[in-house]
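Working notes for the structure below.
Each reported figure results from applying straightforward, stated rules to the coordinates on display, with no laboratory input. Everything numeric in this text was worked out from a predicted model, so none of it was measured. Cβ coordinates were reconstructed from backbone atoms using ideal geometry, including for glycine residues, and neighbour counts include every protein chain displayed.
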Amino acid sequence: MAAVISRRLRDGERVGVGVNSPIPMQGVLLAQASHAPHLSLRLPGGSPDGELFLGSKEFFDMAQRGRIDVFFLSGVQIDRRARINLHVLGDYAHPRRRFAGAFGSAVLYPIIPRVILFRTEHSPRALVDAVDFVSAAGTPDCLVTPKALLTFADGELELAAYSPGESVESVCAATGWPLRVRPDVRETPAPSADELRLLRGPVHEKVGRVYRRYAAATA
Amino acid sequence: MELLALPDAVARIPDGATVALGRPPALGLVRELIRQGRRDLDLVGVPTGDIAIELLIAAGCARSLHSSGVDLGEHGQAPAFGRAVESGALRVTDSTCPALLMALQAGASGIPWTPVPGLLGSDLMTRRRDLRVLEGLAIVPALRPQFALVQARRADPQGDAVIATTYDDRLLIQASSTVIMSVDEVRPGATDVLARGEQVIPAAYIDVLTVAPSEDAGAATERYLESISVHTR
C-alpha cells in the first residue's frame, strides 16, 4: 500500500498526513526518498524531521488557504460514492457501534485538491454500497487497499489495478457493491528492490519517530 | 490570578459545568475532578478527546461531550467513550477539527458565529441542529467554554506561563471564561528563557494556577488500558 501511495505522489506537492495514518506516512516518506525529493510533508503538530508547527489550527488554516495539495483519509466504512464513515455502525442516534469521529475530515475532504483514501481491510463490510453515516464526502483521487487501487470517475469508485496475488474477480468479490472495472485494468507492479530497501531502512526509522507501536509491529 | 492548592483549584468547578480540555492532557486536574466525584460535566475535547476525556467518562463524571472525535492515539478506540455513546449515557455533539477550532476562534473574538469551509455533504450538517448554511458556507456557532483545564510547563509568581507551541491551548485559553492551569513548577524568571517550541501565555488570561506534574499521555494511556484488561480478563 505504501508503494502504491508513493507512486501517486508528485515531486513538489505539499502533502499533509493526519492522525492514525502510518501507512500514508510511509508512502509519503518513500516518495520523498525516491522520485519526489521536493515534496513537503506537514502534520498537524509538526513533522518527523522536528519542524515546528503552531498547533493543529495552523495546519487546518493552511489547508483552508489552499496550501495543502494532498491529504489522506480513511473510514470504518467507505462506500461506492467514496463517502467515508468514521462515526457509527447502525443508526446515528442509537448506534450499534460507536467509533472515534470525524477528526478533520468533514472540512478537509471537500476542500483539499487531491484526497487519497486508504483502508487496510478490503472486505464487503468495509467497502459498502452506502455508508451508515456520512462523516465526510468529497471527490477523491483514489482509494488504496491491500487488494487494489480504485480510482474515481462519474461519481463512483472503479477498479484500476489489483495487487499481485489478486484478480479482477477476487477484488470484485471482496467489494460490497457491483464494482465497475476500468477497461485498462492491470496488475499493480510489486514493490521494487529499491522501494523495499527504503521502506525497511530510512522510512521505517522516520515513521517510528511518530508511530512507535506501528514501527515496532512492522520491524 | 490566584495560586491555589490542587483540591481548591478544582473545587471551583461545580457539578454540571462545561469543561474544555486541550493538549497535553491536564491529568492532575482530571484525576482531582474524579477524586472529588464531580458529576454531569459537559466536556469539550479540543479539538479531539484523548485519555483525559476517556478517564472522565469512565469515572462517570460526564453527561455530554462536544468534540471532533475521541481516541487513544496509537492504542485506537477509547472503550468507555464507545460504551457510553452506545448505551445512551453520553450525549455527543460531533464536530470536525477545523470547525471546532474556528468556533473557538469566534468565541475568542467575541462574535456569535463563523463561516467554515467544507462540511457540506457531511451528515453532521443535518444531525447538528445548530449548524446553518449561508451563501453556500456552513455556519457554526461560537464556542466559549465555561472552564478550560490546561497543563503548562512552568509559570512565574505573577502567573505568566510557558506552554508548548504544538497544540491549540492558546486559542482554548483565549476563548474560555475561566482558565484553570496546572504547571510543573512556579518559579521566578520562568518565562525569561524559552526553549525551541515554547510560548508564553500572559497572566491576564489565567484565573487559577496550581501545581500538578505533567504526565506523558502515552504512558498514562498504557497504564489505563492495562488496568482495564486486568479487571476484565
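About the Cα centre of the range B:14-166, what is the dipole size in debye to 20, counting +1 per Lys and Arg Cβ and -1 per Asp and Glu Cβ, all else neutral?
Working: 15 positive and 15 negative charges, 52 e Å.
That gives the range B:14-166 a dipole magnitude of about 260 debye.
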About its Cα centre, the range A:61-202 carries a charge dipole, from +1 on Lys and Arg Cβ atoms and -1 on Asp and Glu Cβ atoms, whose size in debye to the nearest 20 is 380
Among A:Val134, A:Val171, B:Thr93 - extreme Cα towards positive end, dipole of the protein assembly as shown, charges at beta-carbon: A:Val171
Report, in debye and to the nearest 20, how large the dipole of the range A:1-126 comes out about its Cα centre when Lys and Arg carry +1 and Asp and Glu carry -1 on their Cβ. 500
How many angstrom lie between the C-alpha centres of the range B:133-165 and the range B:168-233? 13
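Tell me the trypsin sites (Lys or Arg not before Pro) within the range A:75-136 that lie in a loop according to DSSP and have at most 15 other beta-carbon atoms within 10 Å.
Values: sites: A:Arg80, A:Arg81, A:Arg83, A:Arg96, A:Arg97, A:Arg98, A:Arg114, A:Arg119, A:Arg125; in loops: A:Arg80, A:Arg81, A:Arg83, A:Arg119, A:Arg125.
Counting only loop positions with at most 15 other Cβ atoms within 10 Å, the trypsin sites (Lys or Arg not before Pro) in the range A:75-136 are A:Arg125.
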Distance from the Cα centre of the range A:180-219 to that of the range A:71-100, in angstrom? 26
Positive end of the dipole of the protein assembly as shown, charges at C-beta (+1 Lys, Arg; -1 Asp, Glu), about the Cα centre: which of A:Leu117, B:Pro24, A:Gly155 has its Cα farthest in that direction? A:Gly155
Which one of A:Val144, B:Ala148, A:Leu199 is farthest out on the positive end of the charge dipole of the protein assembly as shown, using unit charges on Cβ (Lys, Arg +1; Asp, Glu -1) and the Cα centre as origin? A:Val144
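Over its Cα atoms, what ratio of radius of gyration to 2.2 N^0.38 Å does the protein assembly as shown give? Walk me through the numbers before you get to the answer.
Values: Rg = 22.4 Å, N = 452, 2.2 N^0.38 = 22.5 Å.
So the Cα radius of gyration is 1.00 times the expected 2.2 N^0.38 Å.
In deg cm²/dmol, rounded to 500, what helix-only [θ] at 222 nm does the protein assembly as shown give when every DSSP H run of at least 4 residues adds -39500 (n - 2.57) and the total is split over its residues?
Using -39500 (n - 2.57) per qualifying helix, the result is -8000 deg cm²/dmol.
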